[in-house]
Amino acid sequence: MSRRCIVLVGMMGAGKTEVGQLLAEQLGYGFIDTDVLIAESAGKSIAKIFEQDGEEAFRQIERDVIHGLMNEREKVIATGGGAVMDAANRQVLSGLGHTVYLKASPHELYLRVKNDRGRPLLNVKNPEGELARILGERELAYERCDITMDTEMYGVDEVVAELIDELAKRTIETQL
């Protein structure tokens, strides 16, 4: 398999962190969660960044964190759901290696995150509707990824096994 990075994108609740951790473990790669790096960089939670500084401040920290990853190798990188909306972020992320869109329906995403109070974009009256709206805005950017993996009806183990197979196929194809 290639020694490049694998970048996971998708909506909150799509499974980026869980899939990313298991994928990294199975490949012997390191794991990076950009949301963790953002919180560490800001010295506060993402919810606090949104509350105290606003979304634009969060997006700037996110941009800085992503651009700081440009020389990474042999990492699985889980990004925040909106990271791919920034063209410069997309360029950096696609330059790191394979990009993978973890896909699920708004209803499934809602079921996965409905009890998580640390999701500032969902602090609205109709969070499931908000998820559908956000997904509608982001889907074209997500679909630019090299690989799309449906996580809706599959466990983490199944998604990771399928992803490893797909990455192996692509690595063989690039060597031909």
Quick one: count up the residues across the stretch 46-87 that are surrounded by 14 or more Cβ atoms within 10 Å (Cβ to Cβ), among the small types (Gly, Ala, Ser) and either touching a Phe, Trp or Tyr at 6+ places or on another chain (Cβ under 7 Å) or more than 14 Å from Asp33 (Cα to Cα) (or both). 1
In the stretch 1-22, residue modelled with the highest pLDDT [restricted to those that are in a loop (DSSP other than H, G, I, E, B) and among the charged types (D, E, K, R)]: Arg4
Between residues in the stretch 109-123 that are within 19 Å of Lys48 (Cα to Cα) and residues that are among the β-branched types (Val, Ile, Thr) and surrounded by 16 or more Cβ atoms within 10 Å (Cβ to Cβ), which pairs lie under 6 Å by C-beta distance while being six or more apart or on different chains? Arg119/Val113
Filtering the stretch 23-38 down to residues that are part of a helix (DSSP H, G or I) and surrounded by fewer than 20 Cβ atoms within 10 Å (Cβ to Cβ) yields Glu25, Gln26, Leu27, Val36, Leu37
Conditions: (1) under 15 Å from the mean Cα position of the chain (by Cα); (2) exposed (fewer than 14 other Cβ atoms within 10 Å of the Cβ). Asp146 meets all but one. Number of the miss? (2)
Do the conditions hold for Leu131, that is, is it assigned to a helix (DSSP H, G or I), modelled with pLDDT under 95 and of a type outside the set (Gly, Ala, Ser)? yes
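Of everything in the stretch 88-126, what is closer than 14 Å to His67 by Cβ and touching a Phe, Trp or Tyr at 6+ places or on another chain (Cβ under 9 Å)? Give them in sequence order. First the steps, then the outcome.
Pass one, the stretch 88-126, residues closer than 14 Å to His67 by Cβ: 88-96.
If the condition is that a residue be closer than 14 Å to His67 by Cβ and touching a Phe, Trp or Tyr at 6+ places or on another chain (Cβ under 9 Å), then no residue fits.
Considering only the stretch 42-127, give the helices (runs of 4 or more DSSP H) lying wholly within it that have at least 1 residues that are closer than 15 Å to Val9 by Cα.
Qualifying helices (runs of 4 or more DSSP H): 55-67, 87-96, 106-113.
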Quick check on Ala78: is it more than 21 Å from Arg4 (Cβ to Cβ), touching an Asp or Glu at 6+ places or on another chain (Cβ under 6 Å) and in contact (Cβ under 8 Å) with a residue 60 or more places away in the chain? no
When you go through (1) over 17 Å from Glu162 (Cβ atoms); (2) of a type in the set (A, V, I, L, M, F, W, C); (3) touching a Ser or Thr at 6+ places or on another chain (Cβ under 7 Å); (4) touching a residue at least 40 places away in the same chain (Cβ under 8 Å) one by one for Ile66, which number turns out not to apply? (4)
Being among the hydrophobic types (A, V, I, L, M, F, W, C), under 20 Å from Glu152 (Cα atoms) and surrounded by fewer than 23 Cβ atoms within 10 Å (Cβ to Cβ) narrows it down to one residue among Leu111, Leu102; which is it? Leu111
Taking Leu23 and the conditions (1) of a type outside the set (Val, Ile, Thr); (2) touching a residue at least 24 places away in the same chain (Cβ under 8 Å); (3) over 27 Å from Met153 (Cα atoms); (4) out of contact with any Gly (no Cβ under 6 Å at 6 or more places or on another chain), which numbered condition does it fall short on, given that it satisfies the others? (3)
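The values are calculated or read from the model by the stated rules, or taken from the named source; none is laboratory data. What you see is a predicted model, and the numbers here were worked out from it, not measured in a lab. Here the Cβ is made from the backbone with ideal geometry for all residues, glycine too, and neighbour counts use every protein chain on show.
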